[in-house]
Amino acid sequence: MAITEEIRAKYKPVIGLEIHAQMLTRSKAYSNDKNEYGSAPNTNVSVITLGHPGTLPRMNRKTIDFAIRMGIACDCKISELQHFARKNYFYPDLPKGYQITQDTTPICTGGSVLIKDENGNEKRVGLTRIHMEEDAGKSIHDIDPFNTLIDLNRAGVPLIEIVSEPDITSSQQAYNYVTEVRKLVRYLDICDGNMEEGSLRCDANISVMLKDAKEFGVKVEVKNMNSMRNVQRAIEYEIERQIEAIEKGEKLVQETRNFNALNGTTTAMRSKEAANDYRYFPEPDLQPIRVTQQHVQKIREAMPPLPNFLHTKYTTELGLSEYDAGVITDQKEIALYFEEIIRYTKNYKAAANWVMGDIKSHLNAKALDITELKLSPNHVAELISLIDSGKLSHSLASQKVFPEMLKADESPLKIAESNNWIQTSDEGEIKKLIAAVIAENPSEIARYRAGETKLMGFIMGQLMKKSAGKADPKSAGKLLTEMLSEN
Amino acid sequence: MKITDETIDHLSHLARLEFNGDQKERIKTDLTKIIDFVDQLSSVNTDGVEPLIFMTETENVLRDDVDVVTISQTEALKNAPVHDTDYFKIPTVLKK
């Protein structure tokens, strides 16, 4: 498509996102059949899931607690009294003919998610609501040419739907927002955040308006963006499509569009006005839910540390850089590992460097997750203190000791001692070595003493070689300078 | 309340039902009667009355998060008019 930067700059995109997150419960939202991805088709079902006559739903208490956790993390108001509603529509993967969801009384309202905008500045994206509902089954169109196949394992899997305010103004912000929400649900252990498997799904409401306009443009909903990158691509395409249509004088219609990942475009699915009439009414089969302040407090006290909290702690209390804090808090498991190391060492920068450097490259090279790493955080801390106290040079630590630690997760001090790698800062020992170096390199020593100071590097090298890398360079350097300036 | 042809068309679309010719006239008459009957409720003044949603005062009827196998795949599929060993089968939804 061809719209110039200049035309594009006249418009302001207005974007709101709806994120569905599958809850990591053992059983479904309203029945006790298993909530598990990848089981054989139609094995995780029950008469409730199948919508058989006379069956009644029973609410899973964990879904409520998970939704509250997300609400606390986003600073939402947690509703005290709420009930469920039926959203009615006929589709083959919805056996009951209605979805049990929340309409007028969502469990969380308000709140926000802190993101970075395209310039790296902090921005709060407001939340309209978070409510609980259930997933539908799966229709499979590409196995049997004459039939659509239905797998109801997913039907009834608990979801929370996180609805943002239309605060997002670019595809980059949308990308950052989804990244942040995914990070949050993973930190909270309420959803695995896997967009490819569909456990985190995102729909976008997109419109564009002239920058000085008072009214929003016509809103289009885009579905089927099954990766972070596709969220960004779909929104980018849709912004351009809408601007181009307006510039050509075409009238945009309110509709639902499908994103096609193969060519990066969106195509119309159905027009909104006619098709959607869900006839919501209160679900009589589930009694109302009352959430007490005490219950919210109990959940609040058991909350894991959140990425923003850790990020702030790292940059302010620990003095780490924005970049370091960002890398470490990006994944909860990495952050928790770092947290463990710093229980044993105060050298936070070194701890960060080990995590982001040697440890991460080992994980990458072996395609391991940090939870699979057999390396005790206190041993990493011990390694840091060996370097800091001059007992081990950094290069020996990294090249020799660290690989040994990965093999057996032994104490680095033990490893270094048994391999005779401990540096000596014993003055007598080092002085002996220096005397030998002076004796063996008379001409270089003479030239150095005559003012050719750049020879220091060479002499130091000879000394380190003689000590087999075990002389602590700091004290060795100091002693060497002293002895060379004598006589 | 006036039930028009458009109301019938809209509702039959939502219910995935079809009413043609004479059927449409009959359902229109019936539906008008039903709605008029229920509409008597509107004659009561409900200003300031909170809507009553639940008949009992029970709250928080909750279940622990425990998974249980209650029916087998074979049992799940057996009542469906068309199925194979793994799936329910329905006429193709997507037109190619």
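The values are calculated or read from the model by the stated rules, or taken from the named source; none is laboratory data. Owing to the predicted nature of the structure, the values given are computational and were not obtained by experimental measurement. Cβ coordinates were reconstructed from backbone atoms using ideal geometry, including for glycine residues, and neighbour counts include every protein chain displayed. Side chains are part of the model used for accessible areas, which takes the heavy atoms of the whole protein and leaves out ligands, DNA and RNA. Shrake-Rupley method; radii C 1.70, N 1.55, O 1.52, S 1.80 Å.
How much accessible area is lost when chains B and A come together, counting both sides, with a 1.4 Å probe, in Å² rounded to the nearest 100? If you can, show how the numbers build up before the last one.
On the way: alone 9740 and 24770 Å², together 30650 Å².
By this definition, chains B and A bury close to 3900 Å².
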The distance between the Cα centres of the range A:299-357 and the range B:5-60, in whole Å, is 58 Å
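Rounded, prolate or oblate: which fits the range A:1-133, taking a ≥ b ≥ c as square roots of the Cα gyration tensor eigenvalues, rounded meaning a/c under 1.5, else prolate when a/b beats b/c? Please report the intermediate quantities before stating the final value.
Values: a/c = 2.34, a/b = 1.75, b/c = 1.34.
Cα axes put the range A:1-133 in the prolate bin.
Taking chymotrypsin sites (Phe, Trp or Tyr not before Pro) as candidate sites, keep only those in a DSSP loop with at most 13 other Cβ atoms within 10 Å, then name the longest stretch of chain A containing none of them. Write down the numbers at each step before the final one.
Values: sites that count: A:Phe90, A:Phe146, A:Phe216.
That would be A:217-487.
Does chain B come out rounded, prolate or oblate, given a ≥ b ≥ c as the square roots of the eigenvalues of its C-alpha gyration tensor, rounded meaning a/c under 1.5 and, failing that, prolate meaning a/b above b/c? If you can, show how the numbers build up before the last one.
Numbers: a/c = 3.38, a/b = 1.23, b/c = 2.75.
Judged from the Cα gyration tensor, chain B comes out oblate (a/c at least 1.5, b/c at or above a/b).
Calculate, for A:Phe216 and A:Tyr91, the FRET efficiency according to 1/(1 + (r/R0)^6) with r their C-beta to C-beta distance and R0 25 Å; round to the nearest 0.05.
Working: r = 30 Å, r/R0 = 1.19.
That pair, A:Phe216 with A:Tyr91, gives E of 0.25.
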Below 21 Å, Cα to Cα, which lysines can B:Lys89 reach? Residues fewer than 8 away in the same chain don't count. A:Lys96, A:Lys138, B:Lys78
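Which of A:Lys248/B:Lys2; A:Lys77/A:Lys219; A:Lys219/A:Lys332; A:Lys414/A:Lys474; A:Lys349/A:Lys478; A:Lys34/A:Lys219 have a Cα-Cα distance over 31 Å? Provide the component values of the computation, followed by the final result.
Details: A:Lys248/B:Lys2 43 Å; A:Lys77/A:Lys219 27 Å; A:Lys219/A:Lys332 36 Å; A:Lys414/A:Lys474 23 Å; A:Lys349/A:Lys478 26 Å; A:Lys34/A:Lys219 38 Å.
Check vs 31 Å cut-off fails for A:Lys248/B:Lys2; A:Lys219/A:Lys332; A:Lys34/A:Lys219.
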Per DSSP H run of at least 4 residues, take -39500 (n - 2.57); add these up for the protein assembly as shown, divide by its residues and hand me the 222 nm value, nearest 500 deg cm²/dmol. -11000 deg cm²/dmol
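For a quick check of your reading of the filter: which GluC sites (Glu not before Pro) in the range A:194-273 sit in a DSSP loop and have no more than 14 other Cβ atoms within 10 Å? If you can, show how the numbers build up before the last one.
Values: sites: A:Glu196, A:Glu197, A:Glu215, A:Glu221, A:Glu236, A:Glu238, A:Glu240, A:Glu244, A:Glu247, A:Glu250, A:Glu255, A:Glu273; in loops: A:Glu196, A:Glu197, A:Glu215, A:Glu250.
Answer by residue number: A:Glu196, A:Glu197, A:Glu215, A:Glu250.
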Could you give the angle, 0 to 90 degrees to the nearest 10, between helix A:332-341's Cα long axis and the longest principal axis of the Cα atoms of chain A? 30 degrees
Enumerate the aspartates and glutamates that A:Lys432 could reach by cross-link, defined here as Cα to Cα under 19 Å, with residues fewer than 8 away along the same chain left out. A:Glu440, A:Glu444, A:Asp472, A:Glu482, A:Glu486
Using Cα-Cα distances under 8 Å and only pairs 6 or more residues apart, what relative contact order does the range A:212-320 have, in percent? 21 percent
For the range B:14-59: rounded, prolate or oblate by the Cα gyration tensor [a/c cutoff 1.5]: oblate
Carbon and sulfur together cover what percent of the accessible area of chain A at a 1.4 Å probe radius? 50 percent
Given labels modelled 7 Å from the Cα in the Cβ direction, how far is it in nm from A:Leu368 to B:Val66? 3.8 nm
7 Å from Cα along Cα→Cβ at both A:Asp75 and A:Leu56: what's the point-to-point distance in nm? 4.2 nm
Can you check what the net charge comes to around B:Ile3, using other residues whose Cβ is under 15 Å from the Cβ of B:Ile3 (Lys, Arg +1; Asp, Glu -1)? -2
Options A:Ile107, A:Ile239, A:Thr169, ranked by Cα towards positive dipole end of the range A:103-261, top entry (Cβ charges): A:Thr169
If you count, for every residue in A:79-91, the Cβ atoms of partner chains within 10 Å of its Cβ, what is the mean? 1
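Could you grab the relative contact order for chain B? Cα pairs under 8 Å, six or more apart, rounded to a whole percent. Spell out each step's value before the answer.
Working: 29 pairs, mean separation 17.1, N = 96.
With pairs under 8 Å counted, the relative contact order is 18 percent.
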Those chymotrypsin sites (Phe, Trp or Tyr not before Pro) from the range B:51-96 that are DSSP loop and have at most 14 other Cβ neighbours within 10 Å turn out to be B:Phe54
Log entry: pair-distance distribution for chain A, C-alpha pairs binned every 20 Å from zero, whole % per bin is 19, 40, 24, 13, 4, 0
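What is the dipole size for chain A, taken about its Cα centre, with +1 at each Lys and Arg Cβ and -1 at each Asp and Glu Cβ, in debye to the nearest 20?
Values: 62 positive and 68 negative charges, 90 e Å.
Using only the charged Cβ atoms, the result is roughly 440 debye.
Grab the other residues whose beta carbon is less than 12 angstrom from that of A:Ser227, score K and R as +1, D and E as -1, and report the net. Present the calculation step by step, with values, prior to reporting the outcome.
Values: positive: A:Arg182, A:Arg201, A:Arg229, A:Arg233; negative: A:Glu196, A:Glu197.
Local charge sum for A:Ser227: +2.
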Taking loop as defined by DSSP and a crowding limit of 10 other beta carbons within 10 Å, which trypsin sites (Lys or Arg not before Pro) in the range A:136-231 fit? A:Lys211, A:Lys214
Evaluate the distance, in nm, between pseudo-label points positioned 7 Å from the Cα of B:Asp86 and of A:Lys407 along their respective Cα→Cβ axes. 4.6 nm
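Averaging sequence separations of C-alpha pairs under 8 Å and six or more residues apart, then dividing by the length of chain A, give the relative contact order as a whole percent.
Working: 842 pairs, mean separation 65.6, N = 487.
After rounding, I find 13 percent.
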